[in-house]
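Shown next, in structure tokens, is the structure this report addresses.
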Amino acid sequence: MREYLIHGGRRLSGRITAQGAKNSVLPILAATVLTGGKCLIRHCPRLTDVDAAVAILENLGCRATRDDDLIEVDSTTVTGTSVPEKLMGEMRSSVFFLGAILGRTGVAEMSQPGGCELGLRPIDMHLDALRTLGIVVDENGGKLKCRVSHLRGGRINLPFPSVGATENAILAAVTAEGETIITNAACEPEIVDLAHFLILSGANITGAGTGKIRIVGAKLHGCEYTVMPDRMATATYLCAVASTGGMIEIDHCRTDDLTAVLAALEHSGCDIRCGEDFIRLNAPERLVAVDNIRTLPYPGFPTDAQAPLMAALATAKGTTLFVETIFENRFRHVAELVRMGADIRTEGRVAIVRGVQRLHGANLNTTDLRGGAALVIAALGTDDFSRIRDRGHIDRGYENFEGVLSSLGAEIERNDY
Ligand code: UD1
């Protein structure tokens with residue numbers, strides 16, 4: 001069992017640097033397979049999900065070495081075409097290796113990613129996009145077998161701007177013959193980051209970051225790239241500090257990517273100053289409720305910041321309404337917050353959060369990455385001791401979480417037994 005032990009009640013304050021973006025480095029590592037050369041990827045966060053991506057690359061026959069925040073991938077030789085079931089289970093998002101492996105070898109195999117902690121999370125849009133490019137998909141007994149003899153461009157219209165499906169479509173299309181147009185594409189900054197990496201590797205991509213992306217197939221080569229800062233980790237630290245009435249400066253972040261989160265925190269009473277690459281937040285003694293938080297595709301309020309903000313607003317003055325429109329099951333942290341004394345009622349995709357004066361410590365169970373971070377935020381805001389079990393979910397997305405929080409004055413330690 002791996003857990004966090006937290007003594008709450010400290011006002012957090014200090015200065016930190018944003019980590020590299022998990023949701024950006026994962027598809028970029030998958031994309032290195034397409035380059036057939038050497039790629040140097042900088043600012044890679046040390047996360048278990050990144051370790052899983054590196055293990056998948058090694059399994060495919062690529063050479064991957066890690067030195068601090070630098071990962072070097074040499075995909076000159078690719079000998080494998082499948083993602084082992086164990087690695088698929090460790091990281092559901094390894095599904096975007098499908099587009100990359102197919103682009104490189106014309107064959108790819110992996111197990112179907114099952115339902116996950118956020119709900120069913122099907123991959124129908126990924127597979128339909130691949131079919132449009134001429135890929136034959138055979139789904140049998142939980143196994144996916146894909147093959148294509150001649151990858152060619154096509155017109156892909158996504159029924160919903162899915163981040164993963166957009167990335168998979170881009171990865172499959174960059175080396176396909178001819179032109180691909182993706183409409184209703186997701187506009188998340190991580191997609192722009194993936195496109196920038198691919199363009200530096202020789203790809204011809206325009207429109208990333210808009211709903212219409214145009215790709216003309218090209219031959220790729222290796223390159224050097226620096227991963228963008230993680231807007232979700234940044235949002236989490238802002239919420240943690242806000243909930244304790246503290247102050248923080250986060251350096252090397254991209255404030256434009258965080259507009260919706262910063263607006264919500266400002267409405268909750270925080271004083272926020274931004275430069276081009278830093279955010280300073282000064283929180284009031286007690287936050288005030290925010291009218292209505294509705295998670296939406298970018299540039300709307302990110303679903304990944306919903307749980308951390310909810311934890312912070314659980315002790316705000318007034319009532320906040322959260323509407324989760326992206327995932328059908330992203331309120332699993334609510335039951336744990338309620339065990340800490342929060343007044344939260346959920347009905348379907350709506351959560352009504354009536355701020356209470358104080359939460360109390362408890363033994364808590366982590367159910368997912370952002371929900372787990374939310375429990376840590378809630379625990380830091382109590383005057384009590386809390387034990388947060390199943391820390392592994394949190395390690396998937398936060399680099400040295402307890403170290404960063406300790407540097408801000410939190411009393412938090414790991415306990416592994
Ligand atoms: C990515 C992020 C995740 C973030 C999410 C939404 C990564 C590694 N993860 O996840 O942190 O919360 O975007 O911003 O980048 N859907 C389908 N069929 C599909 C694909 C998706 O029904 O083929 C549904 C999903 O179940 C979900 C919604 O579409 O309800 C959005 O999913 P999507 O945008 O694809 O999220 P991910 O790429 O999985």
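List of remarks:
- Along principal axes, Cα extents of the chain, largest first, whole Å: 63, 44, 41
- Whole-angstrom gap from region 249-281 to region 167-192, using each part's C-alpha centre: 30 Å
- Counting only DSSP beta bridges whose two residues both lie in region 115-273, roughly 75 percent are antiparallel.
- Using alpha-carbon coordinates, inclination of helix 48-59 to the longest axis of the chain, degrees: 20 degrees
- Placing unit charges on the Cβ atoms only, positive for Lys and Arg and negative for Asp and Glu, gives the chain a dipole magnitude near 560 debye about its Cα centre.
- Annotation for region 327-379 versus region 80-101: alpha-carbon center distance of 31 Å.
- Computed over region 137-184, the percent of Cα pairs more than 16 Å apart is 49.
- Restricting attention to region 322-417, close to 70% of DSSP beta bridges with both partner residues there are antiparallel.
- Averaged per residue, the chain has 38 square angstrom of accessible surface, using a 1.4 angstrom probe with ligands and nucleic acids left out.
- Given charges at Cβ of Lys, Arg, Asp, Glu: the chain dipole, positive-most of 135, 98, 305: 135
- Relative contact order of region 244-390: 20 percent, from C-alpha pairs under 8 Å at least 6 residues apart in sequence.
- For residue 317, the shell of other residues with beta-carbons less than 11 Å away shows a net charge of +1, using +1 for Lys and Arg and -1 for Asp and Glu.
- Across 86/143; 38/219; 38/145; 86/145, pairs whose alpha-carbon gap is larger than 22 Å: 38/145
- Within the accessible area of region 286-414 (1.4 Å probe), percent carbon and sulfur: 46 percent
- Taking only protein heavy atoms and a 1.4 Å probe, the accessible area of region 44-153 is 46% carbon and sulfur.
- Label-zone membership for region 1-30, site residue 387, 7 angstrom Cα→C-beta point, backbone N under 20 Å: 1-9
- 0 to 90° range, to nearest 10: angle between helix 369-380 axis and the chain longest Cα axis: 20 degrees
- Antiparallel %, DSSP beta bridges [both residues in the chain], to 5: 70 percent
- Charge tally in the Cβ shell below 11 Å around residue 123, where Lys, Arg are +1 and Asp, Glu are -1, residue 123 excluded: -1
The values are calculated or read from the model by the stated rules, or taken from the named source; none is laboratory data. Quick caveat: nothing in here was measured; it's all calculated off a predicted structure. As a convention, Cβ positions derive from the backbone with ideal geometry for all residues, glycine included, and neighbour counts pool all protein chains shown. Heavy atoms of the whole protein, side chains included, go into the accessibility calculation; ligands, DNA and RNA do not. Shrake-Rupley method; radii C 1.70, N 1.55, O 1.52, S 1.80 Å.
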